[in-house]
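Colleague: The following block contains the structure, expressed as structure tokens.
Values in this text are rule-based calculations from the coordinates and carry no lab data. None of these values were measured; they are calculated from a predicted model. Note that we place each Cβ from the backbone using ideal geometry, even for glycine, and neighbour counts take in every protein chain shown.
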Amino acid sequence: MRAIRFVSAVVLSLALAAPAAFASVDSRVLMLDDIRSQQTEIRDGVEARTGRYKDLSSTERSELLTKQARMLQMIEGKHSTADLNDQQKTEVFNTLEWIEAVVNNDGDERMVCERRPVLGSTRKERVCKTAGQWREEREAARNMMDSRGGCMDCKSN
């Protein structure tokens, strides 16, 4: 669990860092080999259905292995996070957070990042919140729309 949290924190900090900041960070932290070896250990445990992975449902197990394979394919042939574009960094981070949440049975606490356009600009910014926060925001927006009858321009009489 600590290893997953460590790798997730590393990927988040790297995803949020500007490329110029990479020079000041320890190069070992940037190496994708750590993520690959950690994911190999997780895959072995999931497939063997042992330890922390023994209680995963077949659906969770299958989805975990699928997401993990996609992420590993994305980082294949790359040596560090500097070799990933912003979208790939975000996807790797989200996948690692999802895996951690499934393994720890703590889905609402996993961090999920999105790249959203900045109003009045062509650039995008990274917005990270817990899955629970994203869900609460969606529900609040849905409730607001329902209370207004789906009409944002309607004025109450």
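Colleague: Report, by residue number, each residue of the stretch 40-77 that is more than 19 Å from the chain's Cα centre (by Cα) and under 18 Å from E91 (Cα atoms).
Modeller: Of everything in the stretch 40-77, just one residue is more than 19 Å from the chain's Cα centre (by Cα) and under 18 Å from E91 (Cα atoms), namely G77.
Colleague: From the list T95, T66, which residue is assigned to a helix (DSSP H, G or I), surrounded by 15 or more Cβ atoms within 10 Å (Cβ to Cβ) and among the β-branched types (V, I, T)?
Modeller: Values: T66 fails: surrounded by 15 or more Cβ atoms within 10 Å (Cβ to Cβ).
When all the criteria are applied, what remains is T95.
Colleague: Of all residues in the stretch 98-114 being outside any helix (DSSP H, G or I) and within 12 Å of the chain's Cα centre (by Cα), which is nearest to E41 (Cα to Cα)?
Modeller: R110
Colleague: Among the residues of the stretch 115-141, what is the count of those that are in contact with a Lys or Arg (Cβ under 9 Å, 6 or more places away or on another chain), of a type in the set (A, V, I, L, M) and either loosely packed, with under 10 Cβ neighbours inside 10 Å or not in a helix (DSSP H, G or I) (or both)?
Modeller: So the answer is 2.
Colleague: In addition: I need the full set of residues from the stretch 106-132 which are closer than 30 Å to G51 by Cα and without any contact (Cβ under 8 Å) to a residue 12 or more places away in the chain, in order please.
Modeller: As a first pass, look at the stretch 106-132 and keep what is closer than 30 Å to G51 by Cα: 106-113, 129-132.
Matches in the stretch 106-132: D106 only.
Colleague: Next question, about the same structure. Test V92 against the criterion of being among the β-branched types (V, I, T) and over 19 Å from D33 (Cα atoms), and give yes or no. Before you say what the answer is, go through the steps one by one.
Modeller: Values: among the β-branched types (V, I, T): yes; over 19 Å from D33 (Cα atoms): no.
Spelling it out, it is not the case that V92 is among the β-branched types (V, I, T) and over 19 Å from D33 (Cα atoms).
Colleague: Those residues that are free of Cβ contacts under 8 Å to residues at least 40 places away in the same chain and not aromatic (F, W, Y), I need them from the stretch 84-104; list them, please.
Modeller: We begin by selecting, within the stretch 84-104, every residue free of Cβ contacts under 8 Å to residues at least 40 places away in the same chain; these are 84-85, 87-88, 91, 94-95, 98, 101.
Those that are free of Cβ contacts under 8 Å to residues at least 40 places away in the same chain and not aromatic (F, W, Y): L84, N85, Q87, Q88, E91, N94, T95, A101.
Colleague: Can I ask one more? Answer yes or no: is there a residue in the stretch 41-58 that is part of a helix (DSSP H, G or I), touching a residue at least 60 places away in the same chain (Cβ under 8 Å) and of a type outside the set (D, E, K, R). Break it down stepwise before answering.
Modeller: Taking the stretch 41-58 as the starting set, the residues that turn out to be part of a helix (DSSP H, G or I) are 41-48, 51-53, 58.
Subset that is touching a residue at least 60 places away in the same chain (Cβ under 8 Å): 42.
Subsequent filtering for residues that are of a type outside the set (D, E, K, R) retains 42.
Scanning the stretch 41-58 turns up at least one residue that is part of a helix (DSSP H, G or I), touching a residue at least 60 places away in the same chain (Cβ under 8 Å) and of a type outside the set (D, E, K, R).
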